[in-house]
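See below for the structure under consideration.
The values are calculated or read from the model by the stated rules, or taken from the named source; none is laboratory data. All values derive from a computational prediction rather than experimental measurement. In this analysis, Cβ positions are derived from the backbone assuming ideal geometry, glycine residues included, and neighbour counts consider all displayed protein chains.
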Amino acid sequence: MAAHSSSLAEDPAELSGATAAVEAHPDLELVERAKAGDTAAFEQLVRQYDRQIYRTALHITQNREDAEDITQDVFFKAFQKLDQFQGNSKFSTWLVRIAVNESLMRLRKRKTSKTVSMDQDVQTEEGSIPRDFAEWRPNPEQIYSQGELGEILRKTIAGLPPGFRTVFTLRDIENLSTEETAEALGLSVPAVKSRLLRARLQLRERLSRYFRKANEGSK
Amino acid sequence: MNCTDFLAKLTDFFDGQIEPDLLAEVKEHLGTCHHCEVVVNTTRKTIDIYRHEQPYEFPEELSTRLRGAIMERCKQSKEAAEAKARLHEELTRTSSRGS
């Protein structure tokens with residue numbers, strides 16, 4: 001599993017020629033206009049994807065200031081390297097890949113004594129086998145206030161290893177396809193599927209502590 | 001199909017990428033195994049909650065501020081590149097006159 005994922009390319013240009021051609025996407029026209037010097041076209045791309053890039057960075061770094069800096073850096077790098085984007089992948093996937101690289105670099109800087117990569121902690125067996133078989137309440141999100149629920153969700157996903165957290169974020173929260181997630185992370189499709197399964201199961205297990213039916217011990 | 005086989009197919013099952021023959025086996029297993037049924041229901045709910053509740057907000061104010069900063073950096077970068085190009089052009093013209 002690790003062989004595919006140990007080195008995420010620092011240069012987003014490496015992605016541009018890496019995949020098979022896809023159908024023309026509406027973003028391509030904006031990208032071409034931006035390449036020709038139309039900054040309004042680039043600003044439209046920023047509007048479209050700033051939320052996705054910010055949330056991706058925040059999920060990986062778990063730090064709002066870092067996520068803000070990363071969002072700026074991602075779009076600035078993209079602007080500078082627009083000529084290297086060939087349109088072989090979606091523009092948004094290209095941006096996400098830059099965001100993942102930038103986010104992992106931030107984590108590495110923060111934890112100077114440790115290596116942070118998509119492989120970190122993924123060898124753990126935790127969560128690969130379900131242990132909690134309690135049913136949940138019919139509408140578990142209604143047990144808690146919006147603020148409490150947000151805190152539970154943040155705390156729960158923050159406990160996942162970065163490699164699992166990132167795959168879950170891209171695939172299940174940002175709704176990228178399995179193939180797009182693999183492309184953005186420099187992983188194989190089977191590696192994404194494996195990590196996604198374990199991320200989902202670990203989150204399920206942890207959320208079950210809050211959402212399981214009252215008669216089985218809960219809030 | 002036992003629980004381990006079922007678990008191995010869970011991602012494909014959720015993503016609708018499972019062959020019809022296997023899907024029938026998965027459904028048959030789900031009909032007889034309460035534990036796996038709970039795992040499927042609560043895992044699906046886990047995905048739904050994260051997808052719909054969005055634990056991190058991205059207010060319009062933040063979007064506007066970040067976009068402003070991004071576009072300012074892009075503008076400065078573009079102006080610097082244009083100034084460099086003009087200087088290069090000027091130097092080329094001057095040196096060709098000199099020779």
Item checked: Count of the range B:56-75 residues which are in a helix (DSSP H, G or I), over 18 Å from A:Asp38 (Cβ atoms) and facing chain A (nearest Cβ under 8 Å) -> 4
Next item on the list: Please list, ordered by first then second residue, the pairs with beta carbon atoms under 6 Å, 6 or more apart or interchain, first in the range A:30-58 and more than 7 Å from chain B (Cβ to nearest Cβ), second basic (Lys, Arg).
Entry: A:Ala41/A:Arg33
Notebook entry, point to check: Of the residues that sit in the range A:138-151 and are surrounded by fewer than 16 Cβ atoms within 10 Å (Cβ to Cβ) and outside any helix (DSSP H, G or I), which one is farthest from the other protein chains (Cβ to nearest Cβ)?
Noted result: A:Ser145
Next item on the list: Scan the range B:13-36 and give yes if some residue there is within 22 Å of A:Thr178 (Cβ to Cβ), of a type in the set (S, T, N, Q) and surrounded by fewer than 14 Cβ atoms within 10 Å (Cβ to Cβ), otherwise no.
Entry: yes
Check: If you go through the range A:77-89 one residue at a time, do you hit one that is buried (at least 21 other Cβ atoms within 10 Å of the Cβ) and free of Cβ contacts under 8 Å to residues at least 12 places away in the same chain?
Finding: no
Item checked: helices (runs of 4 or more DSSP H) contained in the range B:3-54 and holding at least 2 residues within 25 Å of A:Val189 (Cα to Cα) and among the hydroxyl-bearing types (Ser, Thr, Tyr) -> B:34-53
Check: Mind checking which residues of the range A:59-76 are surrounded by fewer than 23 Cβ atoms within 10 Å (Cβ to Cβ), touching a residue at least 40 places away in the same chain (Cβ under 8 Å) and not β-branched (Val, Ile, Thr)?
Finding: A:Gln62, A:Asn63, A:Asp66
Notebook entry, point to check: Are any of the residues in the range A:191-208 part of a loop (DSSP other than H, G, I, E, B) and closer than 21 Å to A:Arg55 by Cα?
Noted result: no
Notebook entry, point to check: Since B:Lys78 meets every condition but one in (1) touching an Asp or Glu at 6+ places or on another chain (Cβ under 9 Å); (2) at the interface with chain A (Cβ under 10 Å from one of its Cβ atoms), which condition does it not meet?
Noted result: (1)
Notebook entry, point to check: Can you name the number of the only condition in (1) in contact with a Gly (Cβ under 9 Å, 6 or more places away or on another chain); (2) surrounded by fewer than 23 Cβ atoms within 10 Å (Cβ to Cβ) that A:Leu185 fails?
Noted result: (2)
Notebook entry, point to check: Has the range B:56-64 got any residue that is at pLDDT 90 or above, among the acidic types (Asp, Glu), within 28 Å of the chain's Cα centre (by Cα) and under 22 Å from A:Ala67 (Cβ atoms)?
Noted result: yes
Next item on the list: Take A:Phe164 and decide whether it is modelled with pLDDT of 90 or more and either within 11 Å of chain B (Cβ to nearest Cβ) or not in a helix (DSSP H, G or I) (or both).
Entry: no
Next item on the list: Determine which single condition A:Arg154 fails, assuming it passes every other condition in (1) assigned to a helix (DSSP H, G or I); (2) under 15 Å from the mean Cα position of the chain (by Cα); (3) surrounded by 18 or more Cβ atoms within 10 Å (Cβ to Cβ).
Entry: (3)
